[in-house]
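Okay, so here's the structure we're looking at.
The values are calculated or read from the model by the stated rules, or taken from the named source; none is laboratory data. Quick caveat: nothing in here was measured; it's all calculated off a predicted structure. Please note: Cβ atoms are built from the backbone with ideal geometry, for glycine as well, and neighbour counts cover all protein chains shown.
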Amino acid sequence: MPHEPRSGIGLRSERGQILVSLMLATSLVALDATIIATASTAIARDLGGFAQVPWLFSAYMLAQAVSVPVYGRLADVLGRKRMMLVGIGLFLVGSVLCGAAWSMTTLILARVVQGLGAGAVLPMSMTITSDVFSLEERARTQGYLASVWAMSAVVGPTLGGVFSQFASWRWIFWINIPLCLLAAGMLWVRFHESRREGAREPIDVVGAVLLTGGSTLLVLGLLEGGSAWPWASPVSVGIFAGSAVLLTAFVLVARRVSHPIFDLSLLRRRLIAATTTGSLVIGVVVMGLSTYVPVYAQEVLGVGALVAGFALAALTLGWPLTASFAGRVYLRIGFRSTALIGSTIVIAGAALTLLLGAGSPIWQVAVFCFVIGAGMGLTAVPTLIAAQSSAAWGERGAVTSTNMFARSLGSAVGVAVFGAIVNANTVIGADGTPDGAGLAHAVHLVFWGVLVSAVVLFGAVTLMPRDRPASATAAVAAPDQAAV
């Protein structure tokens with residue numbers, strides 16, 4: 001049964017403690033996406049297999065991305081709480097296995113288990129906040145969740161270095177054990193989800209297998225193509241061909257079954273299609289900057305790794321700052337108008353990066369990244385909440401997961417496209433390092449790509465239906481809540 005909204009999000013209240021548990025669970029995923037970076041050398045020294053180090057990241061990202069759509073549908077059928085606890089449980093098991101790994105292969109497999117847990121935690125966190133909090137409160141709660149990523153971007157690499165240097169790299173995984181137990185315990189006690197009435201809808205197992213298999217091959221091909229194997233190699237062609245076959249079979253199955261694992265008809269809705277496209281482009285922009293801003297800062301501007309990391313952190317700092325008050329803006333002028341303002345700011349920040357040169361101070365890089373992050377906060381939050389608000393409770397998990405999967409797919413596309421651009425325009429010297437002038441030109445082409453992507457993001461936002469602030473205000477008074 002729906003519950004009336006309650007004012008305030010005090011941390012001592014029941015809803016406040018639900019939010020704390022979601023932030024804690026999100027922090028686990030966010031930290032493990034960054035903390036392993038500074039520990040990878042120590043891991044390779046201990047376990048061997050230095051050439052396999054990139055798979056520590058790819059395996060995690062791959063498992064997380066491809067499992068998101070399946071979790072979204074299962075949450076709509078079986079409930080958010082159950083799927084969230086499954087995700088935290090898998091992440092816990094994966095962390096234990098990572099800490100106990102005796103070879104690089106076992107560590108990579110354990111990272112897959114972690115990724116499968118992360119694939120549930122992220123979309124469930126956003127879906128539960130949509131269920132529990134009113135429309136006016138959702139931007140604040142999304143801002144809190146975004147702030148977790150901002151802190152993790154700074155704290156994660158530092159903790160990884162501390163554990164590796166003064167203790168053992170295994171502690172970067174073992175530290176997750178008490179945090180997982182705490183997050184799961186708080187959610188178990190505080191989050192009470194209403195039971196759905198009527199018969200439970202059947203789960204499309206065949207569709208889930210086809211979608212997961214096809215998505216796995218697609219994301220794998222994008223992540224590893226051009227690095228692990230050439231784009232035109234038989235391996236690459238075979239992977240993309242296999243992905244096309246499986247995804248085509250999934251579409252055929254989805255059209256025949258009454259309750260597909262992912263309802264393709266959702267994408268026929270103008271709002272869902274526009275916001276999903278925007279999420280994909282956001283993934284492209286964020287991955288392009290995350291990958292090549294540190295490279296540009298170190299290899300072209302000549303600063304150290306720590307300073308380069310802080311320059312990039314400005315991107316994730318600007319995001320939660322604007323996300324925290326996005327709710328006030330979209331309640332006044334609407335979702336679409338707010339997202340248009342945000343995407344315009346992203347375009348401005350991306351255009352500013354074209355002014356960077358070999359003699360630019362590092363603070364300019366940080367400021368430009370901050371501007372882009374600020375625009376993202378005013379774009380990503382309104383588009384996600386608009387999509388969630390347009391969906392009934394039984395669709396909201398699928399809609400949220402679609403948004404998250406599109407962003408993950410965009411990240412993989414960004415890695416592939418920008419990596420190809422840089423590789424094609426960079427000359428590697430005899431010492432194995434890239435030529436500075438050539439790298440500067442190559443990264444500037446990446447900045448151009450980010451600008452083009454920002455323009456595409458603006459175009460996607462313009463396709464959103466016009467909405468009236470008055471309707472948003474009415475929705476605050478009667479949110480569709482199926483949980484306390």
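Looking at region 242-258, I want the residues that are over 11 Å from Leu210 (Cβ atoms) and have a partner that is surrounded by fewer than 17 Cβ atoms within 10 Å (Cβ to Cβ) with Cβ atoms under 9 Å, at least 6 apart or on another chain. Which pairs are those?
Going by the 9 Å Cβ cut-off, the qualifying pairs are Arg255/Leu264; Val257/Pro202; Val257/Val206; Ser258/Glu201; Ser258/Pro202.
Quick one: would you say Val303 is over 25 Å from Asp76 (Cα atoms), of a type in the set (A, V, I, L, M), part of a helix (DSSP H, G or I) and at pLDDT below 80?
No; evaluated as a whole, the condition is false for this residue.
Check whether at least one residue in region 363-373 is modelled with pLDDT of 90 or more and closer than 23 Å to Glu137 by Cβ, and report yes or no.
Checked region 363-373: at least one residue is modelled with pLDDT of 90 or more and closer than 23 Å to Glu137 by Cβ.
Return the residues of region 403-420 that are surrounded by fewer than 24 Cβ atoms within 10 Å (Cβ to Cβ) and within 14 Å of Ala274 (Cβ to Cβ); say none if nothing qualifies.
Ala406
List pairs: first in region 164-181 and farther than 15 Å from Ala110 by Cα, second at pLDDT 90 or above and among the polar types (S, T, N, Q), Cβ under 8 Å, 6+ apart or cross-chain?
Within 8 Å, the pairs are Cys180/Ser95.
Which members of region 67-105 meet the condition of being of a type in the set (Ser, Thr, Tyr), in a helix (DSSP H, G or I) and either surrounded by fewer than 20 Cβ atoms within 10 Å (Cβ to Cβ) or at pLDDT 90 or above (or both)?
Listed by number, the residues that qualify are Ser95, Thr105.
Select from region 190-211 the residues that are surrounded by fewer than 18 Cβ atoms within 10 Å (Cβ to Cβ) and modelled with pLDDT of 85 or more and write down the one among them that is nearest to Leu22 (Cα to Cα).
Result: Val209.
Being part of a loop (DSSP other than H, G, I, E, B), modelled with pLDDT under 80 and surrounded by 14 or more Cβ atoms within 10 Å (Cβ to Cβ) narrows it down to one of Asp431, Asp467, so name that one.
Being part of a loop (DSSP other than H, G, I, E, B), modelled with pLDDT under 80 and surrounded by 14 or more Cβ atoms within 10 Å (Cβ to Cβ) holds for just one of Asp431, Asp467, which is Asp467.
Working carefully through the options Gly334, Gly318, Gly349, Gly373, find the one that is on the phi > 0 side of the Ramachandran plot and in the same structural domain as Gly304 (by TED's automatic domain parsing).
The unique qualifying residue is Gly334.
Looking only at residues in region 35-66 that are farther than 29 Å from Ser243 by Cα and crowded, with 22+ Cβ neighbours inside 10 Å, which one is modelled with the lowest pLDDT?
Thr38
Are any residues in region 383-409 farther than 16 Å from Gln142 by Cα and touching a Pro at 6+ places or on another chain (Cβ under 6 Å), and if so, which ones?
Within region 383-409, Phe405 is the sole residue that qualifies.
Got a sec? Which of Thr344, Thr379, Thr338, Thr402 is of a type in the set (Ser, Thr, Tyr) and farther than 30 Å from Gly119 by Cα?
After applying the criteria, what remains is Thr344.
With in contact with a Pro (Cβ under 7 Å, 6 or more places away or on another chain) and outside the structural domain of Gly318 (by TED's automatic domain parsing) as the only criterion, which of Ser130, Ser147 stands out?
Checking each option against the conditions leaves just Ser147.
Within region 274-285, can one find any residue that is over 30 Å from Val443 (Cβ atoms) and hydrophobic (A, V, I, L, M, F, W, C)?
Yes, because at least one residue in region 274-285 is over 30 Å from Val443 (Cβ atoms) and hydrophobic (A, V, I, L, M, F, W, C).
One line per residue, one yes/no per condition, for (1) free of Cβ contacts under 8 Å to residues at least 24 places away in the same chain; (2) surrounded by fewer than 22 Cβ atoms within 10 Å (Cβ to Cβ):
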{"residue": "Thr277", "(1), (2)": "no, yes"}
{"residue": "Pro294", "(1), (2)": "yes, yes"}
{"residue": "Leu301", "(1), (2)": "no, yes"}
{"residue": "Phe310", "(1), (2)": "no, yes"}
{"residue": "Gly318", "(1), (2)": "no, no"}
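Quickly run through region 231-285 and pick out the residues that are charged (D, E, K, R) and in contact with a Leu (Cβ under 8 Å, 6 or more places away or on another chain).
Within region 231-285, Arg255, Arg270 qualify.
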